[in-house]
1. To one decimal place, what orientation-averaged projected area in nm² is obtained for the convex hull of the Cα set of the range 89-236?
2. With Rg and the Kirkwood Rh both taken from Cα atoms, where does Rg over Rh land for the range 203-340?
Amino acid sequence: MEHLRRFVRQKPLLPYTRASALGKGRFAPRGAPPANRARYNRCGAYTERMPGEFEYLSWLRARTPAAPGVLVGPGDDCAVLEPPARPLLVTTDMLMDGTDFVLSECGARAAGRKAMAANLSDIAAMAGTPRFAVVSVALPRAAGGTAELLYLGLRDCADEFDVAIVGGDTNSWDGKLVISVTAFGEAHARGAVLRSGARPGDWLFVTGPLGGSIRGRHLTFTPRVREALALADAVELRAMCDISDGLAADLNHILEESRCGAVLHANAIPISNDAHELARTSGKSALKHALSDGEDFELVFAVSPEDGANLLREAPVPVFRVGECVEAGLWLDTNGAREPLAPEGWVHPM
Ligand SMILES: [Mg+2]
């Protein structure tokens, strides 16, 4: 829902091409040249195919291995997939040059990797197993080699989690690079872990140190797919969310959906080295960075006190207890003194 809202608000007003990669030219006006040579956007303006698109598509198809559950992969009008045995999880996230990465600094491969990893992080947030993905790309014109590097970056992350890229669409335009990934996953045998199941008394955990991801981790993070599955096997995860907007903001999503509050313990928040490093020059404390910086892509989750105690005794993956749920409000406890905590975090400028 969060991603949908973001998508709708950010939908650009600029004309964009709608012809599919296979050249159907749905919006081509009458008398237009054949769709495989030209495209018309919604306003009827002439746009160009990505240079060498067909070469690119055959390059891409040659690199797409057969994968379980994929009856027909890239190259036809649709992919044909075998539905998973358990409920299907679907998520989409769009990344844009200048907002989610800076292409001139990180390169297309890192951008592609991040686009896939951010989507798999949302599957992890439900304790699901990612299975398939489709990718739509708007390439800046005259960006030679970008498409190939982008695909390699997407595959870097997809391959690590046995995710098959089963289709997509590639356009070029006068704007910056935009990558939209839609990922499909399979729910855990215990069901998908929602944001709405936490209750007062539950213990709250995170899966890793937080803050300062802007120093590089926002590009190189590993989505916590394996951690989420191991935790779901070990305990009953009552509510979970990935930390994309910041701990306080994402925990607040859980609290709103679960209709309860929480106390975080300042001394228990795991603070990353990046947050300490950033605090030397940012004018903010390392704790503040850990609480409100975005894109850590760790998980925050709630379990019963019994399961929490089990995790402290023997956790299948590293976890840090950061607080507990209460009746209402979001609070920061520093050595017994409790203050309201604003659910601040990274918000996409609208
Ligand atoms: Mg998320």
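Each value in this text was obtained by applying a stated rule to the coordinates, not by laboratory testing. Here the structure is a predicted model, which is why all the values come from computation and not from measurement.
1. Answer in nm², one decimal: 9.5.
2. Taking Rg over the Kirkwood Rh, I get 0.95.
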